[in-house]
Structure formats: C-alpha cells, structure tokens
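Student: Please find one structure pasted underneath; my questions will follow.
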Amino acid sequence: MKAIILDKTEILKRYKPIDKHTHKGIQGHALLIGGSYGKIGSICLASKAALKTGCGLVIAFVPKCGYEIVQISIPEVMVLTDVSEKFISNISFDFNPQAIGIGPGIGQEVVTQNAFHEFLRMNKSPLVIDADALNILSLNKSWFSLIKPKTILTPHPKELERLIGKWSSEKEKFDKTIAFSIQYNLVIVMKGAPTYIIDGQTVYENSTGNAALATAGSGDVLTGMITSLLAQSCEPINAAILGVYLHGLTADIALPETGYQSFIASSIISNIGKAYLTLENNDKYQELL
C-alpha cells in the first residue's frame, strides 16, 4: 500500500480562500446531531468547531436536557431539541442543511437506534457519522444500504474493528478498510497516529498532529470541523483531508505553549484560526507547513 502524504502541496491543491464578498447565508449551514444526558459537551465541542472552521450557520439538535447547556456555552449556535428529555428519540427538522454530522454523545438507547435508522432512510444531505452512531451501525450492518455515497465515517481503532472485524496485521487492517470503503462507497477517516483517510483504493496519510490530540473530545471536534467543510461545499474527500490536516496542525501550533499534558479538545478549537493562517501565506506560521 502506497499512501499519498498530506503535506503543504497536497493541502493547497484543495484549500480555497474565503471570498471577501461572502456572507453567512452562503458560508454553509451545518446541523450537528447528538448528545445525551451527561454527554452534551460532545455536541458543544462539535458545534463550536464547526463555527470556528468557517461555517456561516450551525444548528445543534440535542435532547431537551441539552438546550440550556448549548445556548449558554455557545451563543452563536442555534438549538433544536428532541421530544425526549435525556436522549435522541425522533430526529425532526424543517430545513435543508448543507451538511450533517451525527453521533457525538448520542448513546445507544433502543429509541435512539430507531431514530437513527429513520434518519438514514430519509436523509439527503452530505453526512459525517461518528462515535456511537458508528457503533449503532456496527450492530445493524444492513443499514449501510441506506447511507448516501461518499458519506464520511470517522472511527477510532476500536470503532473501526466493530465495523470491519478484527485484523492480525497492519496490512490486513488496510485491506479490510479499503474493501469496506469500496463496498459501500464511503470515505473512511482512520483516526490514529498518524490518521489515514481511505477513499476506495486511494489512501492518504496525514502529516500533522502529535500525542497531545489523545484527549477526550478530540474526535468530536474533528466531526464538527469536517461537517463544517462539507457545508461550505467541499467535496467529501477534500472535507475529510482538510479537516484532518487542520485538526492535527492545531496541536503542532499549540504544543510549545501547552505541552502535551494540558492540551485539551477546546485547545484544538482555540487554534483553528492559527491553523488557517498557515494556509494564507502568513509569515508567522509558515514554518509549521
């Protein structure tokens, strides 16, 4: 297997600077679905990351118990609530988001699984699937037939194992993931050190990031970033590539100040702007590219 290294050259092929005449109505409209009692923070992280990655409008869909938490934590994010108090049971909304991210903190309640199935059956928007939404799919593999082509899946190693089965070598892991991507026409973000992105037979290896990213909520932030880029009309593979690259770069930028231990998921969000500046010919950050 030969991977394409995601370095400055590869990223700049895909990055489009923001139009100076743009406005929020054409900067993308993203919907983040997730959260459950005790896990509303995950959807807060994903939603804030979506905004900080450049999306013009972001809506969070959460259980009722998450309403005040999201409204107070991120005043820039709009909130819709489920009919249920503590978990997602009926995903219903009356607008057409340009991209949807689903899964952070969502849990695996039976009613949540049923709601997710109905959502997949009806969904027409570009989609990122993460966290417990992946685990629900692992329990209901016939549902893959409902998923739109080029949907992005973002599993960590254990979630990937649940999706494709165990492997006995790195080669077998990649062979099985490639076959899985081809079978269902999906983009797979294999989170790890390094993170790989698989689109059919094509494999990309990310060049940014460090051990600081091994922290709770890091994946939720990545989901928000990729969903934001999808909503801004990036092709799915480019949204995955740019999101993973920028996500890793935030840790490289912050490390001299935070060290490994004190870097948390919110630190990723705080440094997204600086990561973008490396793509804008900003001399202060060029050495990080």
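Student: Applying 1/(1 + (r/R0)^6) with R0 = 41 Å to the Cβ-Cβ distance of Glu10 and Ala211, what FRET efficiency is obtained, to the nearest 0.05?
Tutor: That gives a FRET efficiency of 0.95.
Student: Taking the Cα atoms of the range 4-288, what is the range of coordinates along each of the three principal axes, in descending order and whole Å?
Tutor: Here the Cα extents, ordered largest to smallest, are 51, 46, 38 Å.
Student: For the range 1-98, run through the GluC sites (Glu not before Pro) and keep only the ones in DSSP coil with at most 16 other Cβ atoms within 10 Å of their Cβ.
Tutor: Passing both the DSSP loop test and the Cβ count: Glu76, Glu85.
Student: May I ask you to derive the relative contact order of the chain, considering only C-alpha pairs under 8 Å and at least 6 residues apart, and to give it as an integer percent?
Tutor: Working: 607 pairs, mean separation 59.8, N = 289.
Across the chain, relative contact order equals 21 percent.
Student: Something else about it: Output the antiparallel fraction of DSSP beta bridges having both residues in the chain, as a percent to the nearest 5. Write down the numbers at each step before the final one.
Tutor: On the way: 8 of 31 bridges.
Among the beta bridges of the chain, antiparallel pairing accounts for roughly 25 percent.
A short reminder: the numbers here are calculations on the coordinates, not readings from a lab. What you see is a predicted model; the values in this text were computed from it and never measured. Positions of Cβ are generated from backbone atoms using ideal geometry, with glycine treated the same way; all protein chains shown enter the neighbour counts.
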